[in-house]
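Reading through the C-alpha cells given below for one structure.
The values are calculated or read from the model by the stated rules, or taken from the named source; none is laboratory data. Just so you know, these numbers come straight off a predicted model, no measurement behind them. Heads up, the Cβs are rebuilt from the backbone with ideal geometry, glycines too, and the neighbour counts pull from every protein chain shown.
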Amino acid sequence: MKKNKMYLIVLSIVVFSLIILLFGINNIKICEVKGEKLKPKIVLLAHVYQNPYWSYVRKGAEYAAKERGAVIEYNGPQAASVKSGIKLIDMAIASNVSGIITYVQDEKEYTPYINKAISKEIPVITVDSDAKGSNRLAYIGTDNIRAGEKAAEELIDNIGQNGKVAIIMGGKEVKNQIERVKGFIDYLKQHSDIEVTTIESSGSYTLEAELATKKILKSNKTPNALFCSSALDGVGAAKAITDLNMAGKITVICFDDLPETVENIKKGIVHATIVQRPYEMGCRSVNMIMDKLQGKKLQKDYLTNVSVLNKSNIYNYSRYEGEQNSEQK
C-alpha cells in the first residue's frame, strides 16, 4: 500500500515536471517566432512558368528582394492559360501576400482580380504586359507598340520598301502580342508597301512556332520575311528554316535575346531581334513594391528600353541574362 502511494507520488512529480518542461520549450519557440522579423512576401506570376524569358525577370526580382529584405515566390501557369493565371492571382490574394507582380494575358479577364487585390491593400504591378484600365499600382515593361515599330523599321532597312512578310505571334488574344503586331503593321503601312500575307499564333510555344513557320513557307504565298513577336517564336522559326534549308533566303526579325536566338544571328539564320530588359523589369517591380510598403513616393509607370541586335553589333554584345542596363539598388 505504502509502495503504491509512493509510486503515485513519484509518477505525479515526473508528469508535472514534464508538463513544465514542455510548456517552457513551447514558450521558448513562441518567443523565437514572435521575435523574428517577418520578411514581405512578393509573388511573381509569369506568363508560363517554364518560359526561359521569365527566368531573367525572376533573377532581377530575386536580386532586388535580397537587397530590400523581401522574399520572392515565383509561379505561373504550366501552359498559357488565362484561367490558370487569374486563379494564381486569387490564391495570392487569399494568402494575403505583401505584393503581386503579374503578367497580363487578357486585360478584361485580369482586371477584376487586380482590382480585388488592390481593394485588399495588396499592391499589384503589371510587368511585360499591362492592364491599363485596372487599378494596378504601375506597369513596368516595354512600350510594346514602339517595339513593334522598331521591328518594322529594321525589316524595311533590310529588305527595302517592297516585299511580303508573315507574322507569328505568341497568342492572338494576348495584349502585349497584339500591341507589338499593331505597331509593326501600322509602321509598315505608313513607311512602305510591304504586304502582310498571314498571321499565325504559336501560343508562345517553340514547337507551335516551328510548325507555323513550315506551314507558311510551304504555302503558295511564300513571304521573303518573317516577324516573330515573342521570344520562343524566333527559336521555333529558326529551326523550321534550318530544316527546310532556307537559311539566308528569308529575313527573320524576332524578339528577345535567348541564347539560341543570339547563336542564330551569328549563323545568319535570324537577321535581327528586338532586345527587351526582363531582368530590369523584375528588379524595378520589386523595388517599387518595397517603396510602396515603406510609404515612399512612386512614379506611375516605367517603360524599359529596347534595342536592336543584329550581325553588325552581335560581337560587341556583352549583355548576360538580361542584366545589362538593369537597375540594381
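Give the range 138-153 a look and list any residue that's in contact (Cβ under 8 Å) with a residue 40 or more places away in the chain and within 17 Å of the chain's Cα centre (by Cα), or say none.
Scanning the range 138-153 gives ALA138, TYR139, ILE140, GLY141, THR142, ASP143, ALA147.
Using the structure shown, decide if THR111 is in contact with a Gly (Cβ under 8 Å, 6 or more places away or on another chain), of a type in the set (Val, Ile, Thr), modelled with pLDDT of 95 or more and surrounded by fewer than 20 Cβ atoms within 10 Å (Cβ to Cβ).
Spelling it out, THR111 is indeed in contact with a Gly (Cβ under 8 Å, 6 or more places away or on another chain), of a type in the set (Val, Ile, Thr), modelled with pLDDT of 95 or more and surrounded by fewer than 20 Cβ atoms within 10 Å (Cβ to Cβ).
Condition first: hydroxyl-bearing (Ser, Thr, Tyr) and at pLDDT 95 or above. Can you find one or more residues in the range 116-124 that meet it?
For the range 116-124, residues hydroxyl-bearing (Ser, Thr, Tyr) and at pLDDT 95 or above: present.
In the range 219-255, how many are more than 26 Å from VAL174 (Cβ to Cβ), of a type outside the set (A, V, I, L, M, F, W, C) and out of contact with any strand residue (DSSP E or B) (no Cβ under 7 Å at 6 or more places or on another chain)?
The number of residues fulfilling the criteria is 7.
Rundown of residues vs (1) of a type in the set (A, V, I, L, M, F, W, C); (2) farther than 30 Å from ALA64 by Cβ, yes/no style:
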position: ASN220; (1), (2): no, yes
position: LYS239; (1), (2): no, yes
position: GLY248; (1), (2): no, yes
position: LEU258; (1), (2): yes, no
position: VAL275; (1), (2): yes, no
position: GLY282; (1), (2): no, no
position: LYS300; (1), (2): no, no
position: THR304; (1), (2): no, no
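Could you list all residues from the range 146-178 that are on the phi > 0 side of the Ramachandran plot and either at pLDDT 95 or above or in contact with a Phe, Trp or Tyr (Cβ under 9 Å, 6 or more places away or on another chain) (or both)?
GLY160, GLY163
Would you mind finding the one in THR198, THR213 that is surrounded by fewer than 16 Cβ atoms within 10 Å (Cβ to Cβ) and either closer than 19 Å to HIS47 by Cα or in contact with a strand residue (DSSP E or B) (Cβ under 9 Å, 6 or more places away or on another chain) (or both)?
THR198
Taking the conditions exactly as written (touching a residue at least 40 places away in the same chain (Cβ under 8 Å) and either assigned to a helix (DSSP H, G or I) or aliphatic (A, V, I, L, M) (or both)), does ILE89 satisfy them or not?
Yes, satisfied.
If we keep just the residues of the range 289-305 that are farther than 14 Å from GLY99 by Cβ and in contact (Cβ under 8 Å) with a residue 24 or more places away in the chain, which is surrounded by the most Cβ atoms within 10 Å (Cβ to Cβ)?
Going through the qualifying residues, I end up with THR304.
I'm trying to understand the selection: among the residues of the range 92-123, which are in a loop (DSSP other than H, G, I, E, B) and farther than 14 Å from TYR49 by Cβ?
Across the range 92-123, the qualifying residues are SER95, ASN96, VAL97, SER98, VAL104, ASP106, LYS120, GLU121, ILE122, PRO123.
Tell me, which residue of the range 255-265 that is without any contact (Cβ under 8 Å) to a residue 40 or more places away in the chain and in contact with a helix residue (DSSP H, G or I) (Cβ under 6 Å, 6 or more places away or on another chain) is farthest from LYS164 (Cα to Cα)?
GLU260
Condition first: surrounded by fewer than 17 Cβ atoms within 10 Å (Cβ to Cβ) and within 26 Å of the chain's Cα centre (by Cα). Now tell me which residues in the range 154-176 satisfy that.
Passing the criteria: LYS172, GLU173.
Enumerate the pairs (first residue in the range 266-277 and free of Cβ contacts under 8 Å to residues at least 12 places away in the same chain; second residue anywhere and crowded, with 24+ Cβ neighbours inside 10 Å and not acidic (Asp, Glu)) with beta-carbon separation below 9 Å, excluding pairs fewer than 6 apart on the same chain, so at least 6 apart or on different chains.
none
So, of the residues in the range 284-329 that are modelled with pLDDT of 95 or more, in a helix (DSSP H, G or I) and of a type in the set (A, V, I, L, M, F, W, C), which turns out to be nearest to VAL252 (Cα to Cα)?
Only one residue tops the list, namely VAL286.
Find the residue count for the range 42-80, including only residues that are surrounded by fewer than 24 Cβ atoms within 10 Å (Cβ to Cβ) and part of a loop (DSSP other than H, G, I, E, B).
Qualifying residue count, the range 42-80: 12.
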